[in-house]
Amino acid sequence: MGLEHHLAVSATPAERSAAAQKATWVSVAVNLVMTVAQLVVGWLAHSQSLVAHGLHSFSDLLSDFLVIYASRQSAQPADRSHPYGHARVETAATLALGTSLVLIGGGILWESGMRLQHVEALPTVELAAFWVAVATVISKEALYRYLIRVAEKLRSQLLIGNALHTRADAASALVVVVGIGGALLGWSFLDLLAAALMGFMILHMGGRLAWGAIKELIDTGLDDAQVEAIRQTLLATPGVRDLHQLRTRRMAHQALVDTHVQVDSRISVSEGHRIAESARARVLREHPEVLDVLVHIDPEDDMDPDTYAIRLPARDALLSELQPLLAGLPEPEKIVLHYLKGRIEAEVFYSSALFENGEALRQAEILLIDRLKTHPLIRRISLNCLVAPK
């Protein structure tokens, strides 16, 4: 399991595509032989269930070519029109495969039901159909075991879907064996019942595949256990105090993540950026199923409407409001604004030469405290001296 996991993580898109296509061409060869055998022998031996299963094997051929096309397309690198890559081609192909199975299964079910109304008119099933059905079970089961091994190694949902399709074909072929055997013993209706049951199994499998693809296309997230694991990885990043709005969405065999992380409100923009990059790198390293992570830095929990910074004035408007508050004081070197808890705090920096002693700085702060008592937005102004280089 560990080796397969490593291979799935380390394989490049081109390597994944080559492995998927090799496995699929093996499936094409097996399905081609079994399709011809079932359709020809089923028709000659008067077995409706074997003919129906031959049609199912033909649908396997169609799905194999669909997998080959999708695996080639999904291996294409990201471009201007597809900045996240082409992995969703697999999803679209899975949806097409599932939909086709629903239609084929429904058609077989309907046809079998119509023929069951006239059992007395059915011709006698011949022994050749029985042996072809047995050969189909053996070949399909062997093909399933091969495909599922490759699919799990590559962690490809499309290949897993194709393997499950093959397993369903093997199971339904077993039903055909029973139905033909019963028909050979004199119960002719069992052949049609087997065909009807096979049609229902195909319809059910197609519905599951289609629904899984639809959930991915409407951005259904990862399961709770995976999301919680990613949450703990983000919280373990040095500098991250809390997080919220952790969102995930699937993209074929991978996932996209975005989240808001809360950091110390007093650090610089560059330090906050470094924390975000560190959190992103940690998730990508510890969760190979994640394709990319978007980290938004927050100085506080911005889910509280009372803290929405967008409601407060922009920098230019605030600087004009600070001018009368700083009247009588020297021109500052720089002003840093903090939008916190629905109010503004300002850090004003002066050259150290302008305040040669602490008393002058203290008197200036007392003056500002008195002026701020009536200001509705600015909560605090702190005066700071820049240390001059030696």
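The values are calculated or read from the model by the stated rules, or taken from the named source; none is laboratory data. Remember, predicted model here, so these are calculated numbers, not experimental data. Backbone-built Cβ (ideal geometry, glycine too); neighbour counts: all protein chains shown.
Things to note:
- Counting the residues of the stretch 337-367 that are at pLDDT 80 or above and polar (S, T, N, Q) gives 0.
- Only listed residue being closer than 30 Å to H273 by Cα and touching a Lys or Arg at 6+ places or on another chain (Cβ under 9 Å), chosen from D242, D258, D223: D258
- Qualifying residue in the stretch 68-88 (condition: surrounded by fewer than 20 Cβ atoms within 10 Å (Cβ to Cβ), at pLDDT 75 or above and in contact with a Leu (Cβ under 9 Å, 6 or more places away or on another chain)): no
- Of the residues making up the stretch 324-344, those that are assigned to a loop (DSSP other than H, G, I, E, B) and touching a residue at least 12 places away in the same chain (Cβ under 8 Å) number 8.
- Only a single criterion out of (1) part of a helix (DSSP H, G or I); (2) in the same structural domain as A281 (by TED's automatic domain parsing) is not satisfied by A196, namely (2).
- Restricting the stretch 123-165 to residues that are buried (at least 17 other Cβ atoms within 10 Å of the Cβ), at pLDDT below 80 and touching a Ser or Thr at 6+ places or on another chain (Cβ under 9 Å), the residue that is nearest to M198 (Cα to Cα): H165
- Selection count where residues are touching a residue at least 40 places away in the same chain (Cβ under 8 Å) and either over 18 Å from S265 (Cβ atoms) or part of a loop (DSSP other than H, G, I, E, B) (or both), scope the stretch 302-323: 6
- Selection within the stretch 279-327: residues that are hydroxyl-bearing (S, T, Y) and loosely packed, with under 15 Cβ neighbours inside 10 Å. The member of this set that is farthest from T259 (Cα to Cα) is S320.
- Selection from the stretch 234-252 of residues that are part of a helix (DSSP H, G or I) and surrounded by 20 or more Cβ atoms within 10 Å (Cβ to Cβ): L234
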